[in-house]
Amino acid sequence: MTFLRRFAIRHCSLSRGLGALSPASLGSVTLHRLGVEKLPSRGRPFTGHNDTHTSWLHTETPESVEVDLKRLDGEDTGIAEVLMCRQKAKNALGRVFVSQMRELVSSLHHDTAVRVVVFRSLVQGVFCAGADLKERAEMNHSDSDLFVHGLRSLMTEIALLPMPTVAAVDGFALGGGLELALACDLRTAANSAQMGLIETTRGLLPGAGGSQRLPRAVGFALAKELIFTGRRVDGQRAVDMGLVNRATEQNSDGDAAYREALSLAREILPQAPIAVRMAKEAMNRGMEVDITSGMAIERMCYARVIPTRDRQEGMAAFIEKRPPRYTGE
């Protein structure tokens with residue numbers, strides 16, 4: 001286990017002790033839920049495996065931190081990582097986990113400084129295990145319906161994030177866990193990862209968007225086969241069917257998909273951020289309508305990039321034969 005992973009896991013388990021601290025004593029802690037964001041001030045930024053500086057969003061609350069946000073710095077400024085770290089329950093989608101994820105995703109919707117978001121797990125061998133069956137067993141029919149409705153809306157909020165999102169699947173992504181990955185724009189996976197919408201094996205069907213997003217990812221016939229059978233597929237099979245964009249052999253640290261996702265994020269990062277966001281909007285909205293309406297959507301999105309400084313910078317950089325310096329304006 002690398003120093004980066006040990007630090008991150010420790011970070012996600014600090015919250016029980018934070019409730020007794022005053023804001024002044026927190027020093028480098030960023031109080032995400034209080035809306036305060038600042039860089040660490042204890043004299044040194046945290047350094048990851050490639051000397052990338054990071055800043056952390058953290059929480060002053062008695063409940064444990066199950067979802068957190070890390071902003072990369074240095075050359076990776078503009079990449080944010082959503083960290084899923086519900087250790088004991090393997091990132092199962094319980095009330096606290098879903099509440100923290102919803103709050104974090106909401107904060108990202110209007111954050112123009114973030115250009116790419118990577119969703120990753122700090123729980124070894126697991127991306128997200130799906131529903132918290134212990135919590136669900138305690139719900140009556142009405143409570144269960146409301147909770148699943150909330151899950152569905154959360155996945156929609158993730159899908160509607162304006163910047164590109166990448167899910168790094170380094171382990172199991174089952175049921176709601178795969179639905180979370182499907183809500184992201186792009187997916188990377190370790191070859192050893194296991195993915196599947198297994199709800200029919202539990203007397204259910206996918207209820208957080210999986211029945212709609214899986215067919216759009218892999219085609220209707222294959223999606224029906226996977227959902228009807230509840231079959232799991234590994235990373236290599238997933239890339240062959242178009243479920244994930246990239247698959248790679250797992251490494252000794254168990255984070256090969258994350259490293260692949262970070263590599264993909266770094267390819268997106270230098271591009272003009274407004275243009276990338278508009279391209280995402282054009283594709284997402286266009287795929288839901290006929291081709292003529294899709295062309296109108298493309299025209300509308302294209303018109304929004306014409307007056308930007310980034311477009312002018314792109315043209316100037318091409319003429320001057322230099323790399324462009326995009327600012328998101």
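The values are calculated or read from the model by the stated rules, or taken from the named source; none is laboratory data. Keep in mind the model is a prediction, meaning the values are calculated, not measured. In this analysis, Cβ positions are derived from the backbone assuming ideal geometry, glycine residues included, and neighbour counts consider all displayed protein chains. Heads up: the accessible areas ignore ligands, DNA and RNA and are worked out on the full protein's heavy atoms, side chains in. Shrake-Rupley method; radii C 1.70, N 1.55, O 1.52, S 1.80 Å.
Only strands (runs of 3 or more DSSP E) whose full extent lies in the stretch 65-152 are considered here, and none of them has at least 3 residues that are in contact with a Pro (Cβ under 9 Å, 6 or more places away or on another chain) and touching a residue at least 24 places away in the same chain (Cβ under 8 Å). Scanning the stretch 138-160 for residues that are more than 16 Å from V96 (Cα to Cα), open to solvent by 70 Å² or more (accessible area, probe 1.4 Å) and among the hydrophobic types (A, V, I, L, M, F, W, C) yields a single hit, L160. P270 meets each of the listed conditions (1) part of a loop (DSSP other than H, G, I, E, B); (2) free of Cβ contacts under 8 Å to residues at least 24 places away in the same chain apart from (2). Taken over the stretch 300-319, the criterion of being open to solvent by less than 90 Å² (accessible area, probe 1.4 Å) and either over 21 Å from A113 (Cα atoms) or small (G, A, S) (or both) is satisfied by M300, A303, G314, A316, A317.
Quick grid of which residues meet (1) open to solvent by less than 100 Å² (accessible area, probe 1.4 Å); (2) assigned to a helix (DSSP H, G or I); (3) closer than 16 Å to Y326 by Cβ:
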| site | (1), (2), (3) |
| --- | --- |
| R277 | yes, yes, yes |
| M283 | no, yes, no |
| S293 | yes, yes, no |
| E298 | no, yes, no |
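Residue pairs whose Cβ atoms lie under 7 Å apart, sitting 6 or more positions apart in sequence or on different chains, and linking a residue in the stretch 229-254 that is without any contact (Cβ under 8 Å) to a residue 40 or more places away in the chain to a partner that is open to solvent by 70 Å² or more (accessible area, probe 1.4 Å), are G230/T201.
Is it the case that L104 is under 27 Å from A137 (Cα atoms), out of contact with any helix residue (DSSP H, G or I) (no Cβ under 8 Å at 6 or more places or on another chain) and modelled with pLDDT of 95 or more? In short, yes.
Of all residues in the stretch 99-130, those that are open to solvent by 10 Å² or more (accessible area, probe 1.4 Å) and over 23 Å from V244 (Cβ atoms) total 10.
Of the residues that make up the stretch 136-151, is at least one touching a strand residue (DSSP E or B) at 6+ places or on another chain (Cβ under 7 Å) and among the hydrophobic types (A, V, I, L, M, F, W, C)? Checked against the condition, which is being touching a strand residue (DSSP E or B) at 6+ places or on another chain (Cβ under 7 Å) and among the hydrophobic types (A, V, I, L, M, F, W, C), the stretch 136-151 yields at least one hit. Out of all the residues in the stretch 169-180, which are among the aliphatic types (A, V, I, L, M) and within 16 Å of R237 (Cα to Cα)? Result: V169, A173, L174, L178.
Taking the criterion of being open to solvent by 90 Å² or more (accessible area, probe 1.4 Å) and either farther than 14 Å from S144 by Cα or in a helix (DSSP H, G or I) (or both), the residues of the stretch 203-220 that qualify are Q212, R216, F220. Checked against (1) out of contact with any Pro (no Cβ under 8 Å at 6 or more places or on another chain); (2) touching a residue at least 60 places away in the same chain (Cβ under 8 Å), R299 meets all criteria but (2). If only residues of the stretch 222-245 that are surrounded by fewer than 22 Cβ atoms within 10 Å (Cβ to Cβ) and touching a Pro at 6+ places or on another chain (Cβ under 9 Å) are counted, the one that is farthest from L146 (Cα to Cα) is L222. If we scan the stretch 257-267, do we find a residue that is closer than 25 Å to E298 by Cα and open to solvent by less than 60 Å² (accessible area, probe 1.4 Å)? Within the stretch 257-267, one or more residues are closer than 25 Å to E298 by Cα and open to solvent by less than 60 Å² (accessible area, probe 1.4 Å). Among the residues that make up the stretch 114-125, is at least one of them more than 13 Å from the chain's Cα centre (by Cα), closer than 23 Å to G209 by Cβ and at pLDDT below 90? No, the conditions are met nowhere in the stretch 114-125. Step by step: first the residues of the stretch 162-214, then only those that are touching a residue at least 40 places away in the same chain (Cβ under 8 Å) and hydroxyl-bearing (S, T, Y), then the one that is farthest from D111 (Cα to Cα). Which residue is that? The extreme case among them is S192.
Out of the stretch 169-192, which residues are more than 15 Å from G242 (Cα to Cα), outside any helix (DSSP H, G or I) and of a type in the set (A, V, I, L, M, F, W, C)? Residues satisfying the conditions are F172, A173, L174.
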